[in-house]
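Scroll down for the structure; my scribbles are underneath it.
No value in this document is a laboratory result; all are computed from the given coordinates. Every value quoted in this text rests on a predicted model; they were computed, and no experiment measured them. FYI the Cβ positions are ideal-geometry reconstructions off the backbone, even for glycines, and counts take in every protein chain you see.
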Amino acid sequence: MELLIGLITGIIWGYIFQRARILRFEKHIGLLTLTDLTVLKFLLSGVIVGAIGIQLLTTLGLAPYHLKPTFIAANLVGGVIYGLGWAVLGYCPGTAPGAIGEGSLDGIFGVLGGLVGAATFAHTYPFWKKTLYGIGAYGKISLPMVLHLPPLLVGVIFAGALLAFIAFLEKMGW
Amino acid sequence: MRNGWSPYLGGALTGLLLVASVLVTYQLFGHPRYLGTSTAYVRVSGMIEKAVSPQRVAENEYYRKEGTGIDWKVMLVLGVPLGALLAALRNGEFRLRWVPERWTRCFGNSPLVRAVGAFIGGFLIIYGARLAGGCPSGHGLSGMSQLAVSAFFVVTGFFAGGIPLALILYGRERR
């Protein structure tokens, strides 16, 4: 049952991706060369709805968080390695398989590279555990915890800030 | 925009999908499923490696931590191309191609060169995402929606790595 729900969720997501033009190599490279912000607009509006929705769910006790731990060095270095790969591949881990569905067969090699990357990481994990993961390790923390403010309030302020940023982008003609 | 949705509509629907997924999976199964895609690669690579060498996978700390085999996350990632195929077919946008147009203008139209580039890029995004703890969906969408501190560092890294390299590779060409 849970597997079926996962599949259905993925199908809906893939449908949205295709309709919003998120599966195109040109859109991802457009974001990274700052010439077409479609992917950023998609992500920002997702976070605006998501931040208010998730903070509502958790505040009402309808669902808990599942925070990813903060280890600043690994978060940053991993993020940069990801960014380098993103610029070459032109898709992300969800949109590479999605692009295959739209007919972009180069996504297949992106997925294969990803599987080899995952296996390589699994076998090099002990090295990073001894090194990077120890630097700036603060565990599972969120902004409301750090700021000592109610999560829903922080969520609404954050969503408002992103909305203002979007309004700014539109006004500047991006 | 002709024949397509505004990215704001697509993003807002994705935000709703995230909230619905977390609510439904927690209420039905007792654990919230936040949208994220890079863990699925570990679960599948572990499954493949297990077929070759079960001992190696059983002794691997990371595979033990993340688990291997088909689960909700793998099904999620399998569903994405199906949904994309459905949407592309319904709207007459399904088109087979080996090399993206923008890539062709910079690196030529050889499918082999593109395949090697895509493979290297795919390797780096998953290796980097696993080191960072997640990708633009796990950290970007789900992490930022939870206001996780880690998400802000990781997303900064994504752009700090991606923007300079993309500008070097493709230049600032407006279309």
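Quick notes
- Chain B, relative contact order [Cα under 8 Å, separation at least 6], %: 22 percent
- Cα gyration tensor, the stretch B:63-175 - rounded (a/c under 1.5), prolate or oblate: oblate
- Counting charges near A:V88 (Lys, Arg +1; Asp, Glu -1) among other residues having Cβ under 14 Å from its Cβ returns a value of +1.
- Within the shell of other residues whose beta carbon sits under 10 angstrom from the beta carbon of B:S142, the net charge comes to +2, with Lys and Arg scored +1 and Asp and Glu -1.
- Shape category assigned to the stretch A:35-174 from the gyration tensor of Cα positions, a/c cut at 1.5: oblate
- Net lengthening on full extension, A:K129/A:L163 (0.36 nm per residue, minus Cα-Cα): 8.5 nm
- Taking the Cα centre of the protein assembly as shown as reference, the dipole from Cβ charges on Lys and Arg (+1) and Asp and Glu (-1) amounts to some 340 debye.
- Counting every other Cβ atom within 10 Å of each residue's Cβ, B:K73, A:K41 order from fewest to most as A:K41, B:K73.
- Using a Förster distance of 45 Å, the FRET efficiency for B:E59-B:F152 (Cβ separation, nearest 0.05): 0.80
- Prolate/oblate/rounded label for the stretch B:20-117 (Cα gyration tensor, a/c 1.5): oblate
- Least to most buried among B:M75, A:M145 (fewest other Cβ within 10 Å first): A:M145, B:M75
- Think of chain B as a dipole: +1 on every Lys or Arg Cβ, -1 on every Asp or Glu Cβ, centred on the Cα centre; then among B:C135, B:V154, B:L82, B:L82 lies furthest on the positive end.
- With K and R counted +1 and D and E -1, the other residues having a Cβ less than 14 Å from that of A:Q18 yield a net charge of +4.
- Of B:Y8, A:Y91, the sequence from fewest to most neighbouring Cβ atoms within 10 angstrom is B:Y8, A:Y91.
- The protein assembly as shown, helix-only ellipticity at 222 nm - DSSP H runs n ≥ 4, -39,500 (n - 2.57), divided by all residues, nearest 500: -23000 deg cm²/dmol
- Among the helices of chain A, those built from whole DSSP H runs whose Cα atoms reach 24 Å or more along their own axis and whose mean Kyte-Doolittle hydropathy is at least 0.0 are A:2-19, A:38-59, A:72-89, A:106-130, A:151-171.
- Reported value for the protein assembly as shown: 128 Å³ per residue, from the convex hull of its C-alpha atoms.
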